[in-house]
Amino acid sequence: MSDATRAVEAIWRIESARIVGALARYTGDFALAEDAAQEALAEALVSWPRDGQPANPVGWLMTTAKRRAIDTIRRAGVQREKYEAIAHDQDEAYADDLDIERIDDDVLALMFVSCHPVLSKEARVALTLRVVGGLSSEEIARAFLVPVPTIQARITRAKKTIAAAKVPFEVPSPDERRQRLAGVLNVLYLIFTEGSTATSGEDLIRTDLAREARRLTRVLIGVLPDEPEAYGLLALMELTASRFPARTDAAGDPVLLEDQDRTRWDQGAVRRGLAALEQATPRGLGPYGLQAAIAATHAVADSVETTDWERIIVLYEALGRVAPNPIVDLNRAVAVAMAHGPLRALEIVDRIAEDKRLDHTHLLPTVRGELLRRLGRTVEARKELERAAGMCTNDRERAVLRQKVADLP
């Protein structure tokens, strides 16, 4: 890869949301804007290595994308007013064309459109990574271990759905924004979760995907600096990511929390996470903030033994009230086991199993098997851990579960 190509990709990753957002505002057509921006990117990848990087790279991309949009509109015979609107000032430099407040509005509108509730969860994730994150279809497909045509089809369908639903390219009103912000945060959380706990394949952690989720969350905070739950989400991401260096060994196999070398935890990420948590705390913690507070309790402890498990139990209880979920209850059971022993925790796990909501995941038999092992109930533990291994879709995690079975007496 040439230096010019690297420059194109770096600039695109940073500026693509602003370029697509500005084009969408000019044209009033989200799909046209994204297509024109992609054509400009493709042209840059050809011309910059050949002719050299322009003096104003972002301006070059913006102007080229505008011209591609105009060409498309002209070919389609769209009304003259739209053509004239986007043709106006088409040759002006990007920096002179937009003020910072308008740029923020464009990026914010782009995030809300990409995460619009008319789209499926998978479409929201793919479209956000494409138009806000600036990732190519190939990069998104590689991150989620799916074929490139699958991602391309999701993005195409998403743009058609947005057009068919006549979703306006605009920043939602304050009331609507409050209602839809949770959806935007959820998409960013899903991206990070896929990066931090890969559900399939061989890798346990996909750091590039997790890093992109953190970057996009910072972008959101940059345009919505007064939303405490956005800070809570960023805190959760940073504090979780701080443990990445210690979560796998040299062979890439998982290392359990109690066995991790805490000197390998990324203290820079811990500091950033604690700082973000402070920003979220004054107005009360939401679901992401509460999860971040749990992660912070782990981050400030010197060992598993010195961790404040009672505080973690209380935080999980609060999280269960704010966002009821069997996974939350399962995690609370693990904390109860650490604070009060496996028997009391097993009672909680057995109650969770009764509602069947975790029948599709290996997490419940994994926890139950470990609790039974600690209680010396080897036959039952073996059955649960074997069931967990059979349900697990991550190769390395499955291998750990099978080793647990092999280690039973």
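The values are calculated or read from the model by the stated rules, or taken from the named source; none is laboratory data. Being a predicted model, the structure only gives us computed values, none of them experimental. When we count neighbours, we look across all protein chains shown, and the Cβ atoms used for this are built from the backbone with ideal geometry, even at glycine. With ligands, DNA and RNA removed, areas are computed over all heavy atoms of the protein, side chains included. Shrake-Rupley method; radii C 1.70, N 1.55, O 1.52, S 1.80 Å.
Key figures
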item: Accessible area of the chain belonging to carbon and sulfur atoms, whole % at 1.4 Å probe; result: 51 percent
item: Rounded tilt (10° steps) of 207-223 against the dominant C-alpha axis of the chain; result: 60 degrees
item: Computed helical MRE - 222 nm, the chain, DSSP H runs ≥ 4 contributing -39500 (n - 2.57), nearest 500; result: -23000 deg cm²/dmol
item: Principal-axis tilt of helix 395-407 within the chain, Cα atoms, nearest 10 degrees; result: 0 degrees
item: Chymotrypsin sites (Phe, Trp or Tyr not before Pro) within segment 131-219, DSSP loop, no more than 13 other Cβ atoms inside 10 Å; result: none
item: Length gained when the stretch Q179-L224 is fully extended (0.36 nm per residue, less Cα-Cα span); result: 14.8 nm
item: Charge tally in the Cβ shell below 13 Å around A165, where Lys, Arg are +1 and Asp, Glu are -1, A165 excluded; result: +4
item: Tilt relative to the chain, helix 228-241 - C-alpha long axis, 0 to 90 degrees, to 10; result: 60 degrees
item: Top positive-direction residue, dipole computed over the chain with Cβ charges, set L209, A123, T281; result: A123
item: Virtual spin-label span in nm between T306 and A55, 7 Å along Cα→Cβ; result: 5.9 nm
item: Nonlocal amide H pairs with S136, under 5 Å, H built at 1.01 Å; result: none
item: Whole-percent pair-distance distribution, where bins are 10 Å wide, for the alpha carbons of segment 205-271; result: 20, 45, 25, 9, 0
item: Gain upon complete extension [A318, E122; 0.36 nm per residue less C-alpha separation]; result: 67.6 nm
item: Probe 1.4 Å, protein heavy atoms only - accessible area per residue of the chain in square angstrom; result: 47 Å²
item: 5 angstrom amide H check on T248, placed H, neighbours 5+ away; result: V255
item: Net lengthening on full extension, Q267/K356 (0.36 nm per residue, minus Cα-Cα); result: 28.1 nm
item: Where trypsin sites (Lys or Arg not before Pro) in DSSP loops with at most 10 other Cβ within 10 Å are excluded, longest remaining stretch of the chain; result: 167-355
item: Per-pair calculated FRET efficiency, R0 = 30 Å: L257 and R377 via Cβ, rounded to 0.05; result: 0.85
item: Eligible lysines near K160 by straight Cα distance, threshold 18 Å, same-chain separation 8 or greater; result: K121
item: Residues of type aspartates and glutamates that K166 reaches as a straight line, Cα spacing below 13 Å, ignoring anything fewer than 8 places off in the same chain; result: D29
item: Cβ-based net charge around L408, under 15 Å, with every Lys or Arg adding one and every Asp or Glu removing one; result: +4
item: Modelled label reach - T393, point 7 Å along Cα→Cβ, segment 331-366 residues with backbone N closer than 13 Å; result: 360-363
